[in-house]
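S.K.: Got a structure for you, written out below as structure tokens; questions coming shortly.
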Amino acid sequence: MLIITIVILLLYLLLIGSFAYGFDKVKTTPLEDVKAKIDFSMIIPFRNEAEALPDLLASILELNYPKHKFEILFIDDDSEDDSVKLIRSKLSKSKIDFSILHNEHHSNSPKKDAITKAISQSKYDWMVTTDADCKLPKYWLDSFDDFIQKNDIKFIVAPVTYHTTTSFLKRFQLLDFLSLQGVSIGAFGINKPILCNGANLAYTKTLFFELEGFDGNSNISSGDDIFLLQKAIQKYPNKIQYLKSESAIVKTIPQHDFKNLVSQRVRWAAKTSSYNSLFGKLTGIVVFVMNGFLVCSPLLYLANFISIKTLLYTFIIKFCIDFLLLFKTVRFFNQESYLSSFFFSSFLYPIFSVYVVFISVFKGYKWKDRTYRK
């Protein structure tokens, strides 16, 4: 059993260590004052987001980018609240070019249908996507414009974090989410991109149609971001970059309670079996095995398969390598103060992650008042 423990730990160390190394390989991009050149079509699907929309709309009104150089396509997915009314009341008197489209369902993924419709009706070639529960930084579009002007690219992945983390549950989510952001950035640094987030993504309309959009994964309810990234990697591996810029950080809100948190994470986990990235699958397997081992280790100790010293060393080594990657990530996002919750979270996370994986295998999930089966 000691040999198995060492093998699992070494694989985990190599994996997370490579992401920590890769994190620094992705250089931080300073925003420079250049004349705006790129025209953007901003895509925002929504369903019953009246509570979250005021923050988004306020941040849109504060965007620094010239208003004549972007449009906003809101796609209403059968909202039953005042979302549509709220958008019109906030933006109608502004000079922002916006429209509200009604979603048409053609697949098992309403969000993919919404994005596809918006792209088909967009005016410009560069699409930039976000979510209705987000807050956009003032120089968001400026950051994308500057990055596109300086690089020959077709697909951009950009940073996302949480705000309003006022409870331990929300801080736990933040640290979990930032660990995923660290993996996302680190994977780009070692030329093995595997993660992205549709709350902060940009790509060309030309590329989207060249990749035939979401064809091939439209039966999967989620994954409008990752599956498109994987298709882009296969076609243009050298035209995809990560925009590591503080000026581009989009902020979203964590889940309000444990039930919604589990539902969200199950939704994320349910699509992993459909990944076509071997490295992405290997990453998921190694992380699951490491966490599964820690969850089972008390039983292994009681059954005299491992010693308490082995168990303690395993936890400490995992804690240290996880902390290294997370520290780099929180420093970039300027959220170092939340590291105080990491020690306790490190005990809970293996149990939580294993639980989510098992739930995703045997059960469906509910999202936006709709039930989905795997």
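The values are calculated or read from the model by the stated rules, or taken from the named source; none is laboratory data. The model shown is predicted, which means the values in this text are computed figures rather than measured ones. Every residue, glycine among them, receives a Cβ derived from its backbone with ideal geometry; neighbour counts consider all protein chains shown. The area values use the complete protein model at the heavy-atom level, side chains included, leaving out ligands, DNA and RNA. Shrake-Rupley method; radii C 1.70, N 1.55, O 1.52, S 1.80 Å.
S.K.: Once you have the Kirkwood Rh of the range 114-265 from its Cα pairs, apply Stokes-Einstein at 37 °C and 0.692 mPa s and quote D in µm²/s. All intermediate terms of the calculation are to be shown ahead of the outcome.
M.R.: On the way: Rh = 16.2 Å.
D = 202 µm²/s.
S.K.: While we're here: Normalise the Debye intensity by I(0) for the range 1-79, one equal point scatterer per Cα, no solvent, then take log10 at q = 0.11, 0.13 Å⁻¹ and round to two decimals.
M.R.: Debye curve over Cα of the range 1-79, log10 I(q)/I(0) at q = 0.11, 0.13 Å⁻¹: -0.65, -0.74.
S.K.: Assuming a ≥ b ≥ c are the square roots of the Cα gyration tensor eigenvalues, decide whether the range 207-265 counts as rounded (a/c under 1.5), prolate (otherwise, with a/b larger than b/c) or oblate.
M.R.: Working: a/c = 3.31, a/b = 1.36, b/c = 2.43.
It comes out oblate by the Cα gyration axes.
S.K.: Still on this model: If you plug each phi of the range 173-187 into the Karplus form 6.51 cos²θ - 1.76 cosθ + 1.60 with θ = phi - 60°, what whole-Hz ³J(HN,Hα) values come out, in order, with x for Gly and Pro?
M.R.: Whole-Hz 3J(HN,Hα) from phi for the range 173-187: 4, 4, 5, 4, 5, 5, 5, 5, 5, x, 5, 4, 5, x, 5.
S.K.: What's the long-distance tail for the range 104-161, i.e. % of Cα pairs beyond 13 Å? Numbers along the way, then the final one.
M.R.: Values: 1167 of 1653 pairs.
It works out to 71 percent of all Cα pairs.
S.K.: On average, how much accessible surface per residue is there in the range 228-374, in Å², for a 1.4 Å probe, leaving out ligands, DNA and RNA? The partial results should precede the final answer.
M.R.: Details: 7890 Å² over 147 residues.
For the range 228-374, the solvent-accessible area averages 54 Å² per residue.
S.K.: In the neighborhood of Ser277, defined by Cβ-to-Cβ distances under 15 Å, what is the net charge if each Lys or Arg adds +1 and each Asp or Glu adds -1?
M.R.: Working: positive: Lys192, Lys231, Lys235, Lys271, Lys281; negative: Asp225.
Counting the neighbours of Ser277, the net charge comes to +4.
S.K.: Distance cut-off 25 Å, Cα to Cα: go down the list Lys117/Lys192; Lys85/Lys111; Lys170/Lys309; Lys85/Lys244; Lys112/Lys271; Lys123/Lys150 and report the pairs above it.
M.R.: On the way: Lys117/Lys192 30 Å; Lys85/Lys111 21 Å; Lys170/Lys309 33 Å; Lys85/Lys244 35 Å; Lys112/Lys271 14 Å; Lys123/Lys150 23 Å.
Table pairs above 25 Å Cα-Cα are Lys117/Lys192; Lys170/Lys309; Lys85/Lys244.
S.K.: Turning to a different aspect of this structure: Using modelled backbone amide H atoms (1.01 Å from N, in-plane), which distant-in-sequence or interchain residues come within less than 5 Å of Phe155's amide H?
M.R.: Excluding prolines and chain starts, which carry no amide H, the hits are Gln241.
S.K.: Hey, another quick one. Looking only at GluC sites (Glu not before Pro) in DSSP loops with at most 16 other Cβ atoms within 10 Å, what is the longest site-free stretch of the chain? Walk me through the numbers before you get to the answer.
M.R.: Numbers: sites that count: Glu32, Glu51, Glu62, Glu80, Glu104, Glu212.
In the chain, the maximal stretch lacking such sites is 213-374.
S.K.: Could you state the per residue volume, in Å³, of the convex hull enclosing the Cα atoms of the range 224-308?
M.R.: On the way: hull volume 16.1 nm³, N = 85.
Cα convex hull per residue, to the nearest whole number: 189 Å³.
S.K.: Under a 1.4 Å probe, what is the accessible area of the range 3-72 per residue, stated in Å²? The partial results should precede the final answer.
M.R.: Values: 3490 Å² over 70 residues.
Here the residues of the range 3-72 average 50 Å² of exposed surface.
S.K.: Next question. Pairs of alpha-carbon atoms within less than 8 angstrom and 6+ residues apart define the contacts here; what relative contact order does the chain have, in percent?
M.R.: 23 percent.
S.K.: Rounded to the nearest 20 debye, what is the charge dipole size of the chain about its Cα centre when +1 sits on each Lys and Arg Cβ and -1 on each Asp and Glu Cβ?
M.R.: My answer is approximately 680 debye.
S.K.: What is the antiparallel percent of DSSP beta bridges lying wholly in the chain, to the nearest 5?
M.R.: Bridges in the chain that DSSP calls antiparallel: roughly 35 percent.
S.K.: Using a cut-off of 9 Å between beta-carbons, work out the net charge of the residues near Ala50 (Lys and Arg +1, Asp and Glu -1, Ala50 not included).
M.R.: Values: positive: Lys85; negative: Glu49, Glu51, Asp81, Asp82.
Within the 9 Å Cβ shell, the charges total -3.
S.K.: How big, in percent, is the set of alpha carbon pairs in the range 42-155 lying more than 22 Å apart? Don't skip to the end; give the middle numbers.
M.R.: Working: 2046 of 6441 pairs.
Tail of P(r) above 22 Å: 32 percent of Cα pairs.
S.K.: Can you give me the % of accessible surface on the chain that is carbon or sulfur? Probe 1.4 Å, all protein chains present, nothing else counted. Each step should come with its number before you reach the end.
M.R.: Working: 10060 of 17340 Å².
Carbon and sulfur: 58 percent of the exposed surface of the chain.
S.K.: Also, I was wondering about something else. Just the Cα atoms of the range 232-374: what Rg and Dmax do they give in Å?
M.R.: Gyration radius and largest Cα-Cα distance of the range 232-374: 18.0, 53 Å.
S.K.: Please say if the range 286-370 is rounded, prolate or oblate, where rounded means a/c under 1.5 for a ≥ b ≥ c the square roots of the C-alpha gyration tensor eigenvalues, and otherwise the choice is prolate for a/b larger than b/c and oblate otherwise? Intermediate values should be presented prior to the final figure.
M.R.: Details: a/c = 2.68, a/b = 1.08, b/c = 2.48.
Since a/c reaches 1.5 but b/c is at least a/b, the shape of the range 286-370 is classed as oblate.
S.K.: Using helices alone, I'd like the mean residue ellipticity at 222 nm for the chain: each DSSP H run of four-plus residues gives -39500 (n - 2.57), total over residue count, nearest 500. Write down the numbers at each step before the final one.
M.R.: Values: 12 runs with 187 residues, N = 374.
So the helix-based figure for the chain works out to -16500 deg cm²/dmol.
S.K.: Lys and Arg at +1, Asp and Glu at -1: add these up for the other residues within a Cβ distance under 13 Å of Tyr21 and post the number. All intermediate terms of the calculation are to be shown ahead of the outcome.
M.R.: Numbers: positive: Lys25, Lys192, Lys328; negative: Asp24.
Net of charged neighbours comes to +2.
S.K.: Past the 19 angstrom mark, what percentage of all C-alpha to C-alpha distances in the range 171-238 do you count?
M.R.: Numbers: 871 of 2278 pairs.
Pairs farther apart than 19 Å: 38 percent.
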